[in-house]
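Enquirer: The following block contains the structure, expressed as structure tokens.
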Amino acid sequence: MGKNKRLYILDTNVLMHDPTALFRFEEHDVFLPMIVLEELDAAKKGLSEVARNVRQVSRFIGEMMLRQGKQHLDQGLDLISPDGLELEVGSGKLFFQTSMPEKHSSLLRDGSFADNEILSTAMAMLESIDDREIVLVSKDINLRIKAAILGVTAEDYFNDRALDDLSLLYNGLRLEGNGFWQAHQPVDSWSERGVTYYRIPRSENGLWHPNQCIALQGENGMEALVKDVSEENVVLQVANDYRQDKHAVWGITARNREQNFALNLLMDPNVDFVTLMGTAGTGKTLLTLAAGLAQTMDDRVYNEIIMTRATISVGEDIGYLPGTEEEKMTPWMGALTDNLEVLTQPQEGGEWGRAAANDLLASRVKIRSLNFMRGRTFLNRYVIIDEAQNLTPKQMKTLLTRAGPGTKMICLGNVEQIDTPYLTETTSGLTFAVDRFKDWQYGGHITLRRGERSRLADYASDAL
């Protein structure tokens, strides 16, 4: 074996987070300590995402054993892509711990920490293997710190990242200066149903994405959305101005440029998937609900609004909640009820009119739990996924694949407020969704910048 071929020792949390991690190390080999297999066995029961991932890992290993036999496990199993998954798998092998040097056996007794046993295995391999680089892979930063202290090379698991740095994430907005029309002379222009379109030549160095928001600054200021991207041309559609009261959406008007673009995406029936990111108070939920009510109650584009979110607590858990699925989810839906209060302020009728409006809207707005989404199909629904930054990429895939004909999905979140363990800004399901859908013809994204909740909320968001 060449010295440049590494041997990666995997921690349990890596496999719990990504079951396909076994196949992600290209030409290098993978090693599983016995304690990792024991921890996987202990975590396999239940209906949680972690338990499902653990069972998937066990199936992958069992399938490889079935294909290759169990006689030569000490020589390793060839890492072969599992049936039904199209993975680019390198030439590496999977090794199991079949023995342990005597002097490290004290760390393997009952009551020892699993982290210490993994470290003990790594140290023993460093002493016994000279021609390989040994690397411990873990998502636990404390284990990586202990490994560094003991002289063991340790790394985070990077393959689950959508991108290397959050600053590289697509923000959906492109700002152009006064020289835009000189650099992009329109090939032609036309109007359809009161909307103006421009076809401009595509510049070689310009990155254009479908439904990207374009803001022209200066004297000839204009706001537009990219509607078509071909090899030679780009079609721009002049955006509707939702800042004016006559174009208000369910009584709500846009207060800034980003909110106006958000309403353009939310009100466009040809955009099936919208992601809105932004800090607290930027109006994500209010704009989304207003657009949903306008299209459900007035335009009858959708039959009803379905709202869900990841039930991750910011503080201590308050225990079990009584009632039906909707009643159990209600405490998590404060954002929904707060915004509905703003949107249900009838001009006439007083308290009776407000109560009647609330009852009417409640019949069209359904609250659903993530736990019961698997296997469902939503037809002609306006689905809002709140706090989407707390979803893993796999959970995000599960939710988005629920969409049936005529359904629009909207994901809202702030990647600076992640509460799910082992999930980071670059591995969040919301980050994956924004990055993977940026070139899809029927998807749109905008990052909201300015807070419009109150001067106190704005200052707290910046200063704290």
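Enquirer: Filter region 172-215 down to the residues that are at pLDDT 90 or above and among the charged types (D, E, K, R), then identify the one that is nearest to Trp440 (Cα to Cα).
Expert: Looking at the filtered set, the residue picked out is Arg174.
Enquirer: From the list Ser58, Ser106, which one is at pLDDT 85 or above and either surrounded by fewer than 10 Cβ atoms within 10 Å (Cβ to Cβ) or among the small types (Gly, Ala, Ser) (or both)?
Expert: It is Ser58.
Enquirer: For region 162-173, name all the residues that are in a loop (DSSP other than H, G, I, E, B) and either buried (at least 18 other Cβ atoms within 10 Å of the Cβ) or in contact with a strand residue (DSSP E or B) (Cβ under 9 Å, 6 or more places away or on another chain) (or both).
Expert: Answer for region 162-173, where residues must be in a loop (DSSP other than H, G, I, E, B) and either buried (at least 18 other Cβ atoms within 10 Å of the Cβ) or in contact with a strand residue (DSSP E or B) (Cβ under 9 Å, 6 or more places away or on another chain) (or both): Ala162, Leu169, Tyr170, Asn171, Gly172.
Enquirer: I'd like to verify a number: residues in region 174-188 that are within 25 Å of Asp439 (Cβ to Cβ) and not in a loop (DSSP other than H, G, I, E, B), how many?
Expert: 6
Enquirer: Sticking with this structure for a sec: Taking interchain pairs and intrachain pairs at least six residues apart, which have beta carbon atoms under 6 angstrom, with the first residue in region 28-48 and in the same structural domain as Val137 (by TED's automatic domain parsing) and part of a loop (DSSP other than H, G, I, E, B) and the second surrounded by 20 or more Cβ atoms within 10 Å (Cβ to Cβ) and of a type in the set (Val, Ile, Thr)?
Expert: Every condition considered, the pairs that remain are Pro33/Ile118; Pro33/Thr121; Ala43/Val54; Lys44/Val54.
Enquirer: Within region 415-434, is there a residue that is in the same structural domain as Val342 (by TED's automatic domain parsing), part of a helix (DSSP H, G or I), crowded, with 21+ Cβ neighbours inside 10 Å and among the aromatic types (Phe, Trp, Tyr)?
Expert: Yes, that holds for at least one residue.
Enquirer: Of (1) modelled with pLDDT under 90; (2) within 21 Å of Leu168 (Cβ to Cβ); (3) among the polar types (S, T, N, Q), Gln389 satisfies all except one. Which?
Expert: So Gln389 meets the others, but not (1).
Enquirer: Filter region 240-278 down to residues that are surrounded by fewer than 19 Cβ atoms within 10 Å (Cβ to Cβ) and closer than 12 Å to Leu448 by Cα, then give me how many there are.
Expert: Result for region 240-278: 2.
Enquirer: How many residues are in a loop (DSSP other than H, G, I, E, B) and basic (Lys, Arg) if we restrict to region 211-268? It would help to see each step written out before you state the result.
Expert: The first filter runs over region 211-268 and keeps only residues in a loop (DSSP other than H, G, I, E, B), leaving 211-212, 217-221, 230-232, 239-244, 248, 250-251, 253-256, 267-268.
Among the residues that remain, those that are also basic (Lys, Arg) are: 243, 255.
Of the residues in that region, 2 qualify.
Enquirer: Show the residue pairs that are 6+ apart or on different chains and have beta-carbon atoms under 6 Å apart, the first residue being within region 53-72 and within 21 Å of Pro393 (Cβ to Cβ) and assigned by TED's automatic domain parsing to the domain that holds Asp41, the second being surrounded by 12 or more Cβ atoms within 10 Å (Cβ to Cβ) and of a type in the set (S, T, N, Q).
Expert: Sorted first by the residue in region 53-72, then by its partner, the list stays empty.
The values are calculated or read from the model by the stated rules, or taken from the named source; none is laboratory data. Not measured: the values here are computed from a predicted model. Methodologically, a virtual Cβ is constructed for each residue, glycine included, from the backbone with ideal geometry; neighbour enumeration extends over all protein chains shown.
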